[in-house]
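Notes for the one structure printed next.
The values are calculated or read from the model by the stated rules, or taken from the named source; none is laboratory data. Fair warning: this is a prediction, and the values are worked out from it, not measured in the lab. Backbone-built Cβ (ideal geometry, glycine too); neighbour counts: all protein chains shown.
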Amino acid sequence: MSVFDVNGNLKENYYLLNKSVKKSDTFNNSVLIKIPVKKVVCLSTTHIAFIDFLNETEKIFAVSGTKYIFNKNLRKQIKKGKVKDIGYENSLDFETILSLKPDLVTVYDINGSISPTINKLKQYHIPVVQVNEYLEPSVLGQAEWLKFFAVFFEKDKEATQKFNIIEKKYLQFKKMTDTIEQRPTILLNMPWKGIWYIPGGKSNIAQLIKDAGGNYLWANTEETHNYALNIEEVFEKAQNAVFWLNPGQAKSINNVTATDVRLKKFNAVNTGLIFNRNKRLSTYGGNDYMESGTLRPDLILKDLIQILHPELLKNDSLYYYRKLR
């Protein structure tokens, strides 16, 4: 099995072994992983969601930041003392990781930032796999990484069945908006220290808004990730946007306008049509959208349709999103 970067370049080969073998020249410098794995360390909360969805939560023995985990199944394991907190990438507790003798450590790598951690773990002969689902150009492509996780637990068939259900639901919801003509305009995110990071038109959230029957005001841009604008530029284009979605960490409209007094002039502030993806929060702020959202684009799409076109999903409650008051 292999993992590639965004440009299609090979980053790593993984050999999955379901029986005892001796390392030989055949494997070169590839990572050897004995399956099914019994002990896993996760450096991303998203990885927790994939493993939990496969009903293998008890195989997770350590994570980064137990305090901020939302997943209820894992929280039970944490409360029992069965899951260790090993810190974050710049200050990982390697001693604890080594003591656990994990069969697998899952990491994510943005611009090579995790490379020192990977190299150090390899020095201790700990199998490490890079999970690059965030590089996928589509939300269903991201969710399909469930199949990647499944191979480590020998649950390939189950993962395929579960992904097919997610994909089917997503496409069913998308079909509901295919013929919609009235598509409300959408503003995303909010400024931080005078800079407004706007998702590009090729981003996953832009795709979700389009599939939900919305008109994202920056849909025609080519960027796949966020890019910086000043407040004046956003105000000029989006002052009259009908909906405002994903305003940072805001839990109320007052939180939004307290950031900058000029935000009071946006139409969505005055109409109260501001929605944030923070309905499912743990005690210390762990956000389930950031955990399971990658795996469940069907639920995100359903939320967005409910927000933008409530007439299509009458009496349905929101799952990840909430309306700010």
Being more than 23 Å from the chain's Cα centre (by Cα), surrounded by fewer than 17 Cβ atoms within 10 Å (Cβ to Cβ) and farther than 23 Å from residue 40 by Cα: is that true of residue 123 here? no
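Counting residues that are free of Cβ contacts under 8 Å to residues at least 40 places away in the same chain and β-branched (Val, Ile, Thr), which helices (runs of 4 or more DSSP H) fully inside region 206-311 reach at least 2? Lay out the reasoning, then the answer.
Details: elements: 231-238, 253-257, 267-271, 288-292, 297-308.
Per the criteria, 267-271.
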Selected residue (only one of 182, 161 is outside any helix (DSSP H, G or I) and without any contact (Cβ under 8 Å) to a residue 12 or more places away in the chain): 182
Within region 185-197, the residues that are surrounded by 17 or more Cβ atoms within 10 Å (Cβ to Cβ) and part of a loop (DSSP other than H, G, I, E, B) are 189, 190
Hey, any hits in region 241-258 for a residue that's touching a helix residue (DSSP H, G or I) at 6+ places or on another chain (Cβ under 6 Å), among the aromatic types (Phe, Trp, Tyr), surrounded by fewer than 16 Cβ atoms within 10 Å (Cβ to Cβ) and on the phi < 0 side of the Ramachandran plot? no
Within region 133-160, residues surrounded by 19 or more Cβ atoms within 10 Å (Cβ to Cβ) and modelled with pLDDT under 95 come out as 133
Contact list, first residue from region 63-82 and more than 18 Å from residue 44 (Cβ to Cβ), second anywhere and part of a helix (DSSP H, G or I), beta-carbon distance below 9 Å, six or more apart or interchain, is 76/57; 82/58; 82/76
Of the residues in region 53-81, those that are touching a strand residue (DSSP E or B) at 6+ places or on another chain (Cβ under 7 Å) and either surrounded by fewer than 18 Cβ atoms within 10 Å (Cβ to Cβ) or among the aromatic types (Phe, Trp, Tyr) (or both) come to 61, 65, 70
Yes/no for residue 99 being more than 24 Å from the chain's Cα centre (by Cα), more than 19 Å from residue 293 (Cα to Cα) and outside the structural domain of residue 293 (by TED's automatic domain parsing): yes
So if I check each of 273, 312, 301, which one is within 30 Å of residue 43 (Cα to Cα) and in the same structural domain as residue 210 (by TED's automatic domain parsing)? 301
Taking first residues from region 138-151 that are closer than 10 Å to residue 163 by Cα and second residues anywhere that are hydroxyl-bearing (Ser, Thr, Tyr) and part of a helix (DSSP H, G or I), the pairs with Cβ under 7 Å that are 6 or more apart or on different chains are 140/170; 147/160
Going by the conditions given, is residue 163 assigned by TED's automatic domain parsing to the domain that holds residue 60, buried (at least 17 other Cβ atoms within 10 Å of the Cβ) and at pLDDT 95 or above? no
